[in-house]
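The values are calculated or read from the model by the stated rules, or taken from the named source; none is laboratory data. In this text, all values refer to a predicted model and were calculated from it rather than measured experimentally. Positions of Cβ are generated from backbone atoms using ideal geometry, with glycine treated the same way; all protein chains shown enter the neighbour counts.
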Amino acid sequence: MYPIDFFYRAAKLHPERCALQSSAGSITYRELATRVASLAAALQSLDPTPQSRVGICAANTTDHAMGILATLAAGKIWVPLNARSTRPEIERILGATEPSIVMTDEVGALLTGDTTHHTLQFGEAGSPTSINQLINQYTGQNPAPITSGEDAIQAIKFTGGTTGAPKGVMQPYRAWTAGIINQISGWQITAEDCYVVTAPVTHGTSTYIMPLLAQGARLLFLDKTDPGSIITAFRDQGGTMSFMPPTLIYMVMAYPGVTRSDFSHLRNLIYGGAPMPAEKVEQVRDFFGPVVGTTYGQTEAPQIVTMMRPSELGDPLNKGSVGRCTWLTDLGIMAKDGSLLPMNEIGEVVVRGDLVMKGYWRLPEKTAETIIDGWLHTGDVGLVDERGYLFLKDRIRDVIITGGFNVYPTDVENALAQHPSVYECSVFGVPDEKWGEAVQAAVHLRPGFSKDPDALMAYVKNALGSVQTPKHIHFFEQLPKSSVGKVLKTAIKEQIQKH
């Protein structure tokens, strides 16, 4: 069974239910299945080669979702192209993956004119490159069955590049199937769910599309993903579930006049894409109620290596944890010598099982460095307690060694975040003649508070001691972030070095 088969099964069980909804209207499962099959047949006609690549560069729209489904149904490899990326970055991904077909809308207009692939347009009419025209042309036709096997590639997703050169992660069918099973089971997804699409479908949101459609649920796409539009979707359209980066959650909470009553149907608010300090988690739970959950994963083991359900997040013993291991996945903590460590000892988080990537696209040496004896080396530092809960410390390369002591930035960030003046912060190390590395912090203050680095340093010192106290605090109006809301420590350091 392939990931697309979950959708086809749901379309038979729930033909008249709404699958995709936007301001332009609704699409039933029956209608969507027909359009997906027709477009998949068209894609196979344009390029009959199994496992050829299809790039999609578009905003969050119902067309975008349909294009992803058709790519899956055609037995081709999906290459997400983030519409917020720069032109050189998109061109680099196109050059690396060599897709034979690219689907785009007006936000992806920069891709038009490239003769190395077929460029198809969403929303175009009366043109040979119109996706709607292709669907009409192939209506009633079905794509040839997929026969590639569960270890074949379903998607090539590029890592964010915040910790090194981006690499194309080959996600196999088995990884997607494992994710579908775990999302449905973990969040108890049903046909009554309405998922509000806020974060880009090119990234973490894509891991929720198939589980929701497998259960006959509804995906609600917004014209804008500003806080006001998000609140309206939950209040007036019955939103029950969403995945958001922490920064977007904070913006929604800060919107004038918003209250918990605006989210009366919300069952699962899942944060991810960036860490959330423990004190912030408590603030979010106080605002939204016991509906907040999180997951841990990487592009190399997508989204759901571990999960923390809302019912577990309120347990004080779980403060700072990202949950327990999901089905079809094995999790370990490994020492530098390759031995697995016992519970409550800190080491590198390693993962094996169906969720793990096939490897890096055309980078066998990087694959061999990352997957050793079946274990995916995540580069994250953490421990697993006696109950099986994973507690992350930091990226291995982000650990600060100062005066011979290891300082984990996450610990310092959690302490700083508890100060009432701190809206957001990031902690990092800089070279220092005396200490080897010095702990420093970048802080975004809440409105109305003045800059007082001594007070903040004294606050951390009281909580953690002098070793982990920042030697210098830099104040920012906004912390630089990636297109998916991750704080960019490299960019912070670059800005600091310029001044």
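Observations on the structure shown:
- Selection count where residues are within 26 Å of residue 254 (Cβ to Cβ), among the hydroxyl-bearing types (Ser, Thr, Tyr), in contact with a helix residue (DSSP H, G or I) (Cβ under 9 Å, 6 or more places away or on another chain) and free of Cβ contacts under 8 Å to residues at least 60 places away in the same chain, scope the range 426-478: 1
- For the range 146-154, the criterion of a residue being more than 23 Å from residue 31 (Cα to Cα), among the hydrophobic types (A, V, I, L, M, F, W, C) and modelled with pLDDT of 95 or more is satisfied by at least one position.
- Subset of the range 110-123 (residues that are within 27 Å of residue 96 (Cβ to Cβ), modelled with pLDDT of 65 or more and surrounded by fewer than 16 Cβ atoms within 10 Å (Cβ to Cβ)): 115, 116
- Any hit, the range 164-177, residues being under 17 Å from the mean Cα position of the chain (by Cα), assigned to a loop (DSSP other than H, G, I, E, B) and modelled with pLDDT under 95: yes
- Reported count of residues in the range 275-302, each being among the aliphatic types (A, V, I, L, M) and touching a residue at least 60 places away in the same chain (Cβ under 8 Å), is 2.
- Restricting the range 1-25 to residues that are of a type in the set (D, E, K, R) and either touching a residue at least 24 places away in the same chain (Cβ under 8 Å) or assigned to a helix (DSSP H, G or I) (or both) leaves a set whose member that is surrounded by the fewest Cβ atoms within 10 Å (Cβ to Cβ) is 12.
- Residue check, residue 275 touching a strand residue (DSSP E or B) at 6+ places or on another chain (Cβ under 9 Å), assigned by TED's automatic domain parsing to the domain that holds residue 12 and under 30 Å from residue 349 (Cβ atoms): no
Per-residue answers, yes or no, for (1) hydroxyl-bearing (Ser, Thr, Tyr); (2) closer than 20 Å to residue 116 by Cα; (3) part of a strand (DSSP E or B); (4) touching a residue at least 12 places away in the same chain (Cβ under 8 Å):
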position: 27; (1), (2), (3), (4): no, no, yes, yes
position: 32; (1), (2), (3), (4): no, no, no, yes
position: 38; (1), (2), (3), (4): yes, no, no, yes
position: 44; (1), (2), (3), (4): no, yes, no, yes
position: 64; (1), (2), (3), (4): no, no, no, yes
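- Filtered residue count, the range 277-312, keeping only those that are under 21 Å from residue 262 (Cβ atoms) and at pLDDT below 95: 4
- Counted residues, the range 414-438 - those being closer than 17 Å to residue 284 by Cα, in a strand (DSSP E or B) and of a type in the set (S, T, N, Q): 0
- Test: residue in the range 439-455 that is under 25 Å from the mean Cα position of the chain (by Cα) and assigned to a loop (DSSP other than H, G, I, E, B): no
- The one condition from (1) within 19 Å of residue 378 (Cα to Cα); (2) assigned to a strand (DSSP E or B); (3) in contact (Cβ under 8 Å) with a residue 24 or more places away in the chain that residue 330 does not meet is (3).
- Residue match in the range 339-357 (condition: surrounded by 17 or more Cβ atoms within 10 Å (Cβ to Cβ), more than 20 Å from residue 157 (Cβ to Cβ) and in contact with a helix residue (DSSP H, G or I) (Cβ under 8 Å, 6 or more places away or on another chain)): yes
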